[in-house]
Amino acid sequence: MVEEEEDRELYVKCPTCGRISQACEHVSHEDIATIKRLIRAGVMVYETEDDLLEDEMFEEAEEGPKRPDLYRLVEPRFTLEDVVLSPKSQEAIQDALVELRDKYLLFERWGLSRVIRKQKGLSMLFAGPPGTGKTMTAEAIAHAMGKPLMIVNYAQLENMWVGETEKNVEKVFRESASQDAVLFFDEADAVFYRRGQTAAPWANRDVNVLLSHLEDFPGVVILATNMAMAMDQALDRRIDIAIEFEFPDAKMREEIFVKTMPAVAPLAEDVDFGELARKYPLSGGHILNVVRQAMRYAARRDGVVGRITMADLKRAASREMAKSDLMKVDHLSATRDQSIRDASKYHG
Ligand SMILES: Nc1ncnc2c1ncn2[C@@H]1O[C@H](COP(=O)(O)OP(=O)(O)OP(=O)(O)O)[C@@H](O)[C@H]1O
Ligand SMILES: [Mg+2]
């Protein structure tokens with residue numbers, strides 16, 4: 001318990017006679033002391049299970065990065081084995097890897113980089129709906145190359161420092177080269193919808209800065225977007241390999257369930273991932289949430305001896321479906337540019 005918590009003054013009011021922090025015929029001294037002790041220790045009381053779940057979701061959201069940094073450097077945890085992709089996307093990834101591996105072999109292992117000054121890098125575009133494994137695949141590619149992944153949120157980068165985008169884009173490219181990292185621009189949507197549209201001229205210039213860096217960068221750059229229209233735009237042919245991340249079909253969803261549920265997690269015998277996959281059209285990101293929530297249900301019910309049952313998973317999946325429906329409503333009501341929405345198959 002933190003010290004200041006211990007000192008915190010609490011006022012316990014009797015709902016019947018209105019006395020505050022004093023014993024009465026309804027609330028005893030001991031009651032008041034117990035309530036204070038438990039509240040100071042951080043005990044939370046919820047009237048309904050929904051309130052509790054909402055609070056847990058809020059806590060989950062809070063866990064994210066609080067301070068907006070220019071970039072985040074991560075040691076990749078995922079490998080390509082962990083990602084479930086359609087045969088078409090897999091094929092495209094293999095193309096990219098072949099090119100990267102040969103280059104790595106020639107330039108790094110066999111020392112070609114010492115005699116050739118300029119080597120052209122590789123630029124990739126990952127387009128697809130949220131939670132389909134774009135960030136995960138970027139990590140896996142960095143992993144395959146034995147490099148860290150530098151994650152930059154492009155949308156945030158533009159919003160954070162008005163008028164400083166150009167400088168920041170430069171900084172990001174410079175640092176990624178010096179750290180020898182794979183550079184990943186998340187939410188690069190701005191690049192696609194601003195170009196060619198009547199947008200603020202300074203924004204267009206920022207995008208041009210990004211594109212020209214893309215051309216000169218010797219390393220690997222990946223742009224990720226949720227917009228389908230990105231696939232149609234050749235980005236002035238500055239993208240070498242474009243990969244579409246499709247919403248998973250039932251077979252892929254089953255595989256994602258299998259890969260997402262940790263091998264050490266105790267499953268009840270009735271668990272049937274095939275059935276879950278057929279019944280609930282969820283993305284990989286949703287499936288991760290389902291696994292996590294089903295574990296919570298099981299742990300809350302039976303603690304350390306708990307087993308995750310099919311009922312836990314179904315309940316968590318229904319909840320996730322309801323949540324994603326809610327998010328759809330939000331998406332549509334959000335004050336986003338109608339033309340963006342029209343142009344994009346993925347949003348909404
Ligand atoms: N194709 C997949 N195969 C396996 N797991 C997946 C897949 N897609 C998503 N997941 C799970 O969902 C999590 C979130 O996925 P990820 O962050 O890669 O999605 P994303 O496409 O980058 O989404 P966003 O557009 O919202 O950034 C992953 O960490 C993984 O657990
Ligand atoms: Mg992502």
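The values are calculated or read from the model by the stated rules, or taken from the named source; none is laboratory data. Predicted model, so just to flag it, every value in this text is computed and none were measured. Note that we place each Cβ from the backbone using ideal geometry, even for glycine, and neighbour counts take in every protein chain shown.
Only residues that are of a type outside the set (D, E, K, R), assigned to a helix (DSSP H, G or I) and either farther than 24 Å from ASN289 by Cα or over 30 Å from the mean Cα position of the chain (by Cα) (or both) were counted in the range 26-59, giving 7. Summed over the range 79-92, the residues that are within 16 Å of ligand 2 (Cβ to nearest atom) and either part of a helix (DSSP H, G or I) or touching a Cys at 6+ places or on another chain (Cβ under 9 Å) (or both) give a count of 2.
In summary, GLU269 fulfils each of the numbered conditions (1) near ligand 1 (Cβ under 9 Å from one of its atoms); (2) surrounded by fewer than 17 Cβ atoms within 10 Å (Cβ to Cβ) with the single exception of condition (1).
Look at VAL258 and say whether it is at pLDDT 90 or above and assigned to a helix (DSSP H, G or I). Judged against the criteria, VAL258 is a match. Flag: ASP69 matches the condition of being among the acidic types (Asp, Glu), more than 15 Å from ligand 2 (Cβ to nearest atom) and assigned to a loop (DSSP other than H, G, I, E, B).
Just checking, does the range 133-147 include any residue being outside the structural domain of VAL290 (by TED's automatic domain parsing) and in contact with a Lys or Arg (Cβ under 6 Å, 6 or more places away or on another chain)? No, the range 133-147 contains no residue that is outside the structural domain of VAL290 (by TED's automatic domain parsing) and in contact with a Lys or Arg (Cβ under 6 Å, 6 or more places away or on another chain). Please verify whether VAL291 is within 12 Å of ligand 1 (Cβ to nearest atom), farther than 28 Å from VAL182 by Cα and in contact with a helix residue (DSSP H, G or I) (Cβ under 7 Å, 6 or more places away or on another chain), treating the condition exactly as stated. In short, yes.
Are any residues in the range 108-130 closer than 17 Å to ILE141 by Cβ and either within 16 Å of ligand 2 (Cβ to nearest atom) or without any contact (Cβ under 8 Å) to a residue 24 or more places away in the chain (or both), and if so, which ones? Those that are closer than 17 Å to ILE141 by Cβ and either within 16 Å of ligand 2 (Cβ to nearest atom) or without any contact (Cβ under 8 Å) to a residue 24 or more places away in the chain (or both): GLU108, MET124, LEU125, PHE126, ALA127, GLY128. When the test is whether a residue is over 26 Å from LEU52 (Cα atoms), modelled with pLDDT of 95 or more and assigned to a helix (DSSP H, G or I), ALA294 does not pass it. Only one entry of VAL169, VAL152 meets the criterion of being of a type in the set (Val, Ile, Thr), away from ligand 2 (no atom under 14 Å from the Cβ), within 27 Å of ALA228 (Cβ to Cβ) and buried (at least 20 other Cβ atoms within 10 Å of the Cβ), and that entry is VAL169. Of LEU105, LEU100, LEU157, all but one fail to be within 22 Å of GLU75 (Cα to Cα), at pLDDT below 85 and surrounded by fewer than 16 Cβ atoms within 10 Å (Cβ to Cβ); the exception is LEU105. Within the range 131-150, the residues that satisfy the criterion of being more than 10 Å from ligand 1 (Cβ to nearest atom) and either in contact (Cβ under 8 Å) with a residue 24 or more places away in the chain or β-branched (Val, Ile, Thr) (or both) are ILE141, ALA142, HIS143, ALA144, MET145, LYS147, PRO148, LEU149, MET150. Sub-9 Å Cβ pairs linking a first residue in the range 80-99 that is farther than 11 Å from GLY133 by Cβ and among the small types (Gly, Ala, Ser) to a second residue that is in a loop (DSSP other than H, G, I, E, B) and modelled with pLDDT under 90, at least 6 apart or interchain, are ALA96/ASP240, ordered by first then second residue.
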